[in-house]
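**Student:** Sharing a structure below in structure tokens format, with a few things to ask.
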Amino acid sequence: MTTATAAALHPAQRRILAVLVAAQIFSGAGLAAGITVGALLAQDMLETTGLSGLPSALFTAGSAVAAALIGRTSQHRGRRTGLAAGYATGALGALGVVVAAAVDNVGLLFIALFVYGAGTATNLQARYSGADLATPGHRARALSTVLVATTLGAVVGPNLVTPLGALARSWSIPPLAGPFLLAAAAYAAAAVVLWSLLRPDPLITARALAEPDAEPGPTRSTTATGNRRRVVLGAAVMVVTQLVMVAIMTMTPIHMQHHGHSIGAAGAVIAIHVAAMYLPSPLSGFLVDRFGRLPIAAASGLTLLAAGVVGAFAPPRSVALLAVALGLLGLGWSLGLVSGTAIIADSTSPATRAKTQGLVDVAIAVAGAGGGLASGMIVAAGSYTLLSLAGGIIAVALVPVLVLTTRSGSTPRPHDQPVSTSASR
């Protein structure tokens, strides 16, 4: 029996996906809370728009450090330990944000936001766990199952901004810190679910299945150089996608507030955006498995360009058009993340997979940090229109590279790789 066949028939896969789905529902609420009010809280405490992108930069920088640590921990101790520790750290950071807001301490706020980024890193790292025991032709769908689970919590979270703000006020805490109370509880719940129930560990199981077939020979036909090139390509797709998405998303609540919209309206737009990031994941996974990694990655760039154009020219008073722009932004991110992740999963072995994936997510997080930090400066020096157009142009610049790579045939589609008939069903 081949490794692929064993993985396809492994009885733990459905249980593993169910546990990951449950954890992602909780973590989605924690993720969306910071996205919605992080920039607004910083603007309120710093009394300037120019640095309002700093929270996004801080927690994405924190996620970069966490991604490397989670990857290394998962490689040595399994996904269960790495993911549970990441969510627990994110919960601690969220509590730190609440305390910093309550005592009006900007320094503590920055430290807490950095730590809070561990939750973001863990949320993304969890997607790899869904693909550990999947066959090459079904990896994108497996990882997209984990991603889509984030939708429920991510959509509910931003819409609780107003009631959570009222709750925080009743406890003498600034209202904008209220959503971070939810983030702390949600991340903690995700950590408990994973630590208690993610058994057997998917990565350790996949590694055990791979060991009998680990001898060198014709079955390992892809060269190390080819693997590295595909890892770089997959990382590039996700880096560009993350940079553009974070930059435009971060400044949208600020843009809306400056034109008279309420925090509740901004929360609704962000909820649509986050839903568009995660809800279409099964479709993204199907398309990636059906049509190949590179064509869908190119579609991601075109979708992000459309998001930038709509956002740039949408009347500032039009909540509907801003929601369309953010929806397209989320969809483009979904297509890019799923296709890029599938390329990485195709190009790594269980023996080194988690460490490599962690390093790739470091690059993604650094790109997000740069996008978040630059976004406030671009809007302060120029406009939201300039930011949106620049983001769209950066995203579509990847398309020619992907087209050339597709024509060269250097990155095969997963179902072009030799797998057994039973494994591909």
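**Student:** Please give me the summed charge of the neighbours of Thr241: other residues whose Cβ is under 14 Å from its Cβ, Lys and Arg +1, Asp and Glu -1. Numbers along the way, then the final one.
**Tutor:** Details: positive: Arg127, Arg293; negative: Asp361.
Computed value for this residue: +1.
**Student:** Indicate the helices, whole DSSP H runs only, in the chain that combine a mean Kyte-Doolittle hydropathy of -1.0 or more with a Cα extent along their long axis of 20 angstrom or more. Display every interim value, and only then the final one.
**Tutor:** Working: long enough: 12-46 (49 Å, 1.25); 54-77 (33 Å, 0.49); 79-103 (36 Å, 1.16); 106-131 (40 Å, 0.95); 178-197 (29 Å, 1.79); 224-258 (51 Å, 0.77); 263-278 (22 Å, 1.83); 293-313 (31 Å, 1.57); 319-346 (40 Å, 1.87); 353-381 (42 Å, 1.05).
In the chain, the long hydrophobic H runs are 12-46, 54-77, 79-103, 106-131, 178-197, 224-258, 263-278, 293-313, 319-346, 353-381.
**Student:** While we're on this one: Can you show me the helix-derived [θ] at 222 nm for the chain, built from DSSP H runs with n ≥ 4 at -39,500 (n - 2.57) apiece and divided by the number of residues, rounded to the nearest 500.
**Tutor:** Details: 18 runs with 337 residues, N = 425.
Taking each H run of at least 4 residues, the total per residue is -27000 deg cm²/dmol.
**Student:** Quote the Stokes-Einstein diffusion coefficient, in whole µm² s⁻¹, for the chain, based on the Kirkwood radius over alpha carbon pairs, a temperature of 25 °C and a viscosity of 0.890 mPa s. Can you show the working numbers first?
**Tutor:** Details: Rh = 21.1 Å.
The calculation lands on 116 µm²/s.
**Student:** If you place +1 on the Cβ of every Lys and Arg, -1 on the Cβ of every Asp and Glu, and leave all else neutral, what size is the dipole of the chain about its Cα centre, to the nearest 20 Debye?
**Tutor:** The calculated dipole for the chain is roughly 920 debye.
Laboratory data are not the source of any read-out in this text; all were calculated from the coordinates shown. Predicted, not measured: the structure shown is a model, and the values here were computed from it. As a convention, Cβ positions derive from the backbone with ideal geometry for all residues, glycine included, and neighbour counts pool all protein chains shown.
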